[in-house]
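A.B. asks: The following block contains the structure, expressed as structure tokens.
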Amino acid sequence: MKCFVTFRLKPGVTVDEYLEWFRRENVPAVGKAASIKTYRVWRVTSAMEGDPPEFVEEMEIDDKAHFERELEEVPERAAMLGGWYSRIAEQVVFYGEEVELD
């Protein structure tokens with residue numbers, strides 16, 4: 001299963017400030033999560049239409065309930081969330097399963 005997160009930064013939070021915090025706090029906290037198998041992050045640079053988010057995160061997770069439990073039970077992840085929410089706006093978190101195309 002995948003967990004996707006899209007978001008924009010709050011007004012006044014620069015990309016450089018966010019990325020500095022992200023590397024210092026977010027990346028180590030994600031590393032403490034047993035439920036996350038892979039973690040990738042993109043900075044959105046353009047869109048064909050509309051107003052895209054500034055960032056997209058993609059996580060391969062073993063189980064949604066385990067992933068959500070770790071947000072509260074792993075101290076580093078719980079602490080990271082406070083810092084994340086103070087910097088981001090317009091977040092959307094959603095889960096998906098890949099559709100086989102054959």
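A.B. asks: Could you report the accessible area of Lys64 in Å², rounded to 10, computed with a 1.4 Å probe on the protein chains as they sit in the structure?
C.D. replies: 90
A.B. asks: Leaving out ligands and nucleic acids, and using a 1.4 Å probe, what accessible area per residue does the chain come to in Å²? Present the calculation step by step, with values, prior to reporting the outcome.
C.D. replies: Values: 6750 Å² over 102 residues.
Accessible area per residue: 66 Å².
A.B. asks: What residues from the range 69-90 fall in the zone where the backbone N is under 13 Å from a label point 7 Å along the Cα-to-C-beta line of Ala47?
C.D. replies: Under cut-off, by backbone N: 90.
A.B. asks: Lysines within cross-link reach of Lys64: Cα-Cα under 18 Å, excluding same-chain residues under 8 positions apart?
C.D. replies: Lys2, Lys32, Lys37
A.B. asks: Let me ask something else. Okay, helix-only estimate at 222 nm for the chain: each DSSP H run of n ≥ 4 adds -39500 (n - 2.57), divide by all residues, round to 500 deg cm²/dmol; what do you get? Walk me through the numbers before you get to the answer.
C.D. replies: Details: 4 runs with 33 residues, N = 102.
The helix-only estimate for the chain comes to -9000 deg cm²/dmol at 222 nm.
A.B. asks: Taking the Cα centre of the range 8-52 as the origin, how large is its charge dipole in debye, to the nearest 20, when only Lys and Arg (+1) and Asp and Glu (-1) carry charge on their Cβ atoms? Could you put the intermediate results ahead of the total?
C.D. replies: Working: 8 positive and 6 negative charges, 63 e Å.
Using Cβ point charges on Lys, Arg, Asp and Glu, the range 8-52 gives about 300 debye.
A.B. asks: May I pose another question? Accessible area of the chain with a 1.4 Å probe: how many percent of it is carbon plus sulfur? List each step's numbers first, then the result.
C.D. replies: Values: 3440 of 6750 Å².
Carbon with sulfur: 51 percent of the solvent-accessible area.
A.B. asks: Quick one: compute the contact order of the chain, relative version, from alpha carbon pairs under 8 angstrom and 6+ residues apart, as a percent. Can you show the working numbers first?
C.D. replies: On the way: 140 pairs, mean separation 48.4, N = 102.
That works out to 47 percent.
A.B. asks: Also: Could you compute how fast the chain diffuses translationally, taking Rh as the Kirkwood radius over C-alpha pairs and applying Stokes-Einstein at 25 °C with viscosity 0.890 mPa s? Give it in µm² per second.
C.D. replies: 169
A.B. asks: If I build a Gaussian network model for the chain, linking alpha-carbon pairs within less than 10 angstrom, which residue out of Pro75, Pro11, Pro52 has the largest mean-square fluctuation?
C.D. replies: Greatest mean-square fluctuation among the candidates belongs to Pro11.
A.B. asks: The range 45-88 to the range 3-20: how many Å between their Cα centroids?
C.D. replies: 11
The values are calculated or read from the model by the stated rules, or taken from the named source; none is laboratory data. Every value quoted in this text rests on a predicted model; they were computed, and no experiment measured them. All Cβ positions, glycine included, derive from the backbone under ideal geometry; neighbour counts span all protein chains shown. Only protein heavy atoms, including side chains, enter the accessible area calculation; ligands, DNA and RNA are left aside. Shrake-Rupley method; radii C 1.70, N 1.55, O 1.52, S 1.80 Å.
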